[in-house]
1. Please enumerate the residues belonging to segment 141-161 that are surrounded by fewer than 16 Cβ atoms within 10 Å (Cβ to Cβ) and not in a strand (DSSP E or B).
2. One residue is enough: does segment 31-51 have a residue meeting the conditions at positive phi and not in a loop (DSSP other than H, G, I, E, B)?
3. Tell me the residue from Ile183, Ile124, Ile140 that is hydrophobic (A, V, I, L, M, F, W, C) and closer than 25 Å to Arg11 by Cα, please.
4. Given Arg117, Arg105, which one is closer than 24 Å to Ser73 by Cα, of a type in the set (D, E, K, R), under 18 Å from the mean Cα position of the chain (by Cα) and loosely packed, with under 13 Cβ neighbours inside 10 Å?
5. Keeping to segment 34-50, report how many residues are farther than 14 Å from Asp69 by Cα and modelled with pLDDT under 95.
6. Could you check how many residues of segment 79-101 are assigned to a helix (DSSP H, G or I) and surrounded by fewer than 22 Cβ atoms within 10 Å (Cβ to Cβ)?
7. Scan segment 24-37 and give yes if some residue there is in contact (Cβ under 8 Å) with a residue 40 or more places away in the chain and acidic (Asp, Glu), otherwise no.
8. Starting from segment 125-143, take each residue that is in contact (Cβ under 8 Å) with a residue 60 or more places away in the chain and list its partners that are charged (D, E, K, R) and surrounded by 12 or more Cβ atoms within 10 Å (Cβ to Cβ), counting only C-beta distances under 6 angstrom and pairs at least six apart or across chains.
Amino acid sequence: MKVLVLHGSARKGGDTDALADHFLAGMAEAGRHEVRHFYAIDMNIAHCRGATCMACGGDGGTAGCVVQDDMQSVYPALREADVVVLATPMFWGYMTSQLKTLFDRLEAVVSPQYFGRKDFVLFIGYRHYYGSMVEWLTRITRAFDSRCHSVVCQTYDPKTQRDVPITDTPERLEEAFALGRRIAVGTGV
């Protein structure tokens, strides 16, 4: 199985990376998988130019994106992936700006060829609200006959007004591990 992991956090090894690591460990328990990691914070990704450009033709990926930057390595990895993992903290009710820029550039390849019949896995670390991300990915996966899975972890305690390290929520780490194992053996539904 080919797995693509898109990391949205600026903090490598943080909470959402820990969730992704546990997921991958669960997958590895069922066998060997090819995994590619992309850390949006380290990538040179220009913003999508949208309607002012449309060099991609807006036709679902046949022309591709004309902007030559680090996205050129993401496109084939997405197309080939069986499982796409998004691991990101929530900032202002949505994914980080770095990961959002990466996703905006996927507009050039929006098609069943790139998004169809895959497992999309969303790992979110949030403080107050996470629904917008889950709703967004659910709509995309439904449109392309793919499957959406999410593990959300509140990394803030509003009562004490303190951050909660991922190690204090072992049930979320176990949930990520179990999800990885289920997807790897084909029972991820």
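1. Arg142, Ala143, Asp145, Pro158, Lys159, Thr160, Gln161
2. Going through segment 31-51, the residues at positive phi turn out to be 31, 50.
Subset that is not in a loop (DSSP other than H, G, I, E, B): 50.
There is at least one residue in segment 31-51 that is at positive phi and not in a loop (DSSP other than H, G, I, E, B).
3. Working: Ile183 fails: closer than 25 Å to Arg11 by Cα; Ile140 fails: closer than 25 Å to Arg11 by Cα.
Going through Ile183, Ile124, Ile140 in turn, just one is hydrophobic (A, V, I, L, M, F, W, C) and closer than 25 Å to Arg11 by Cα: Ile124.
4. Exactly one residue qualifies, and that residue is Arg117.
5. 1
6. So the count comes out to 6.
7. There is at least one residue in segment 24-37 that is in contact (Cβ under 8 Å) with a residue 40 or more places away in the chain and acidic (Asp, Glu).
8. If the second residue must be charged (D, E, K, R) and surrounded by 12 or more Cβ atoms within 10 Å (Cβ to Cβ), the pairs left are Gly125/Asp15.
The values are calculated or read from the model by the stated rules, or taken from the named source; none is laboratory data. Bear in mind the structure is a predicted one, so any value in this text is a computation, not a measurement. Neighbour counts are summed over all protein chains in view; Cβ atoms, including those assigned to glycine, are modelled from backbone coordinates with ideal geometry.
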